[in-house]
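The values are calculated or read from the model by the stated rules, or taken from the named source; none is laboratory data. Values in this document were obtained by computation on a predicted structure and should not be read as measured data. In this analysis, Cβ positions are derived from the backbone assuming ideal geometry, glycine residues included, and neighbour counts consider all displayed protein chains. Quick note on the areas: whole protein, heavy atoms, side chains included, nothing else; ligands and nucleic acids left out. Shrake-Rupley method; radii C 1.70, N 1.55, O 1.52, S 1.80 Å.
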Amino acid sequence: MRWGSAAGGGQRPPKAKGKRKEERLEDMKKEMDVDDHKLDVAELEAKYGTSSTKGLSAAVAAERLLRDGPNELRPPRGTPECVKFGRQLAGGLQCLMWVAAAICLIAYGVQEGRGTAADNLYLAIALIAVVVVTGCFGYYQEFKSTNIIASFKGLVPQQATVIRDGEKAQLNAAEIVVGDLVEIKGGDRVPADIRVIAAQGCKVDNSSLTGESEPQSRSPECSHESPLETRNIAFFSTMCLEGTAVGLVINTGDRTIIGRIASLASGVENEKTPIAIEIEHFVDIIAGLAIFFGATFFVVAMVIGYPFLRAMVFFMAIVVAYVPEGLLATVTVSWGAVCGVLGGIMGSYWVSYGGLED
């Protein structure tokens with residue numbers, strides 16, 4: 001049944017956008033299942049149209065580069081930085097601060113020339129400064145927490161040893177394509193996801209990808225059903241610590257394992273965490289109380305005969321008193337302190353007990 005006919009007027013089903021995102025993420029997770037580690041060399045050559053001794057020809061490599069694009073991680077389309085900064089300046093309790101600053105400026109304009117007029121101007125400047133400083137702090141924290149792709153780019157190699165037309169050459173890693181025959185040695189970063197077809201004492205550091213602290217051996221034999229566990233797959237951006245290996249490129253760019261992980265991480269970056277939901281709820285409560293008591297004092301001031309402008313100043317004072325201007329900074333610093341304490345405790349435990357044994 002189509003939702004347009006069921007709901008009338010072609011209305012979108014509830015949570016349809018969220019379901020589409022979940023389906024896309026599930027599809028990407030399924031795509032991470034590959035079977036190249038189970039194929040022999042002849043089957044790999046047939047699958048990727050290449051040679052395990054001479055590699056690709058220059059013409060075929062150029063065609064595949066044009067078809068698949070460069071071997072690099074592309075950043076996802078994100079919100080413009082100016083929009084992010086604007087949200088920090090106008091979101092949550094900041095709107096109340098802007099309203100209070102506007103009231104102070106209006107009071108200054110009306111009372112200009114009087115002895116107390118300058119006080120309203122100074123207060124307005126102080127409120128605006130608090131909003132701007134808090135907004136800059138929030139923008140900085142958001143920038144650090146959402147800059148996912150940039151953190152992966154530091155792991156991408158710049159040069160790679162590639163065999164094409166039977167000749168070995170140093171190429172820019174971005175020019176590598178599926179089917180290329182590459183050679184890695186100790187000190188090199190793996191330039192793409194490769195299926196190892198020959199190795200001699202090769203060990204790689206997978207800690208940046210899987211968290212394994214110990215060097216992992218690489219050999220042509222399939223040692224596990226999972227492509228993440230088998231020894232004949234070397235992953236894009238991991239470091240070759242020692243030995244040498246030769247392999248065929250099976251994935252490049254965003255289609256590599258680390259590229260898919262980056263895409264998955266970017267796909268869920270906008271989902272609110274439980275603590276973010278709680279803080280938002282707290283902000284709503286504080287804003288409601290501020291407006292309620294501010295309006296109450298405004299009405300009382302008007303009833304007992306205060307001028308309208310003075311009553312508005314009362315309203316502004318109550319609102320400002322209720323707004324926790326340092327909420328973001330306090331929460332962020334507290335999280336940092338807690339993480340530092342927990343890190344020290346876990347480090348002490350690890351040193352005392354010599355790590356955890358399987």
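Tabulated values for the structure
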{"item": "Residues SER223 and ALA169, FRET efficiency given R0 of 45 Å [Cβ-Cβ distance, rounded to 0.05]", "result": "0.90"}
{"item": "With all protein chains modelled, accessible area of LYS185 [1.4 Å, Å²]", "result": "90 Å²"}
{"item": "Solvent-accessible surface ranking, highest first, for ARG260, ARG164 at 1.4 angstrom", "result": "ARG164, ARG260"}
{"item": "At R0 = 25 Å, FRET efficiency that the Cβ-Cβ distance of ILE106 and LEU289 yields, to 0.05", "result": "0.55"}
{"item": "Sites CYS136 and ARG260, calculated FRET efficiency, Cβ-Cβ separation with R0 51 Å, nearest 0.05", "result": "0.90"}
{"item": "Difference of contour (0.36 nm per residue) and Cα-Cα distance, ASP119 to LYS54", "result": "15.3 nm"}
